[in-house]
Amino acid sequence: MKKILLPFLIAISVAGYAQTKVLTQAIITTKTTVVSVEEDATILPPIPGNDGEQHVTMRFGGDGETKTVTTLKGNLVKTFSETEMGRTTIIRDNAAKKTTTLMEMMGNKNGFYATDEEQEQMRKQMDSMMQSRRPGGDNMGAVLPPTSTITYVDETKKIAGQQCKKALIVNTRQNGNKDTNTVWYCPDFKLQGLPSTGGVSGFGPFSRTTSVNGLNDLAGFPMQYEIKMGRGRIMTIEITKIIMDKDIADKEFEIPKDFVVKPMKDMQNGGRGRGVEIRMDVQGH
């Protein structure tokens, strides 16, 4: 009896773990709401440039609600959002490790692309710039990401038709401070190469605070959670609809021919051309 019992228990454990499917195709609608205690201008006044150009500084993460639609097919992910500023489409190729950002703003259709390596170099430059601006020029060295622990809570509720469970993710920062985030997740599935949707990830590779650390380690897909931001702001991300059984055509991820798309480094270096040069100022922690 003992020889039979052990394999039987192992089989039950493996079967329970296997219930979490990894979806390679899905369409997810996400609502992101930001509530802040201070007024934040979303678009700052245009700055006149050379040859009739305008330089526009845009800020993401102010008060309001944003809906994003994320389409997943294999290694390709497309996230579309529309706000008062215009439309933004992010096309991510996980195999090529490349992100293309398309923006429709003020009558212009511009875009740029960057590899993961290029984005990491830009983040390091931003970190170095922020450190140099500290009082007294104090250089604290590289900022380490917070460590996270997950505690599962015996509570359930339905979100977007899915039965979800509750978890608490505690992030411990480099200075020892702890942040606790409540996350509702669906244990039935995860999405391939996509730990979460919504937040400011719909605005492209500008944000430094796209999600809660530790979401990748959840025993399922996050359906609702909050992010604490700077100046007392709270960002709430909630899945409102998910479609898992619809065939998705490859053309969904094609770049429209009427967009002018350049390497991100050209825009970063202040490349000149007709239209509008976009300067991004993402509001993080």
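Just so you know, all these numbers are worked out from the coordinates, no wet-lab data involved. Computed from a predicted model, the values in this text were never measured in an experiment. Using ideal geometry, Cβ is built from the backbone for each residue, glycine included, and neighbour counts are taken over all protein chains shown.
Among 72, 168, 194, a tally of other beta-carbon atoms within 10 Å of each Cβ gives an order, fewest to most, of 168, 194, 72.
So, counting K/R as plus one and D/E as minus one, what does the shell of residues with Cβ under 10 Å around residue 77 add up to? Net charge in that neighbourhood comes out at +2.
With both labels modelled 7 Å from their Cα along Cα-to-Cβ, the residue 170 to residue 244 distance reads 3.2 nm. For residue 221, the amide hydrogen comes within under 5 Å of the amide hydrogens of 186, 188, 189, counting only partners 5 or more places away or on other chains and with H modelled in the peptide plane. Given a Förster distance of 41 angstrom, what is the FRET efficiency for residue 219 paired with residue 262, based on the Cβ-Cβ distance and rounded to 0.05? That pair, residue 219 with residue 262, gives E of 0.50. Shown for 165, 98: other C-beta atoms within 10 Å of each C-beta, ranked fewest to most, produce the order 98, 165. What FRET efficiency comes out for residue 98 versus residue 158 if R0 is 30 angstrom and r is the Cβ-Cβ distance? Round to the nearest 0.05. E(calc), rounded to 0.05, equals 0.25. Given R0 = 45 Å, the distance between the Cβ atoms of residue 177 and residue 21 translates into a calculated FRET efficiency of 0.80.
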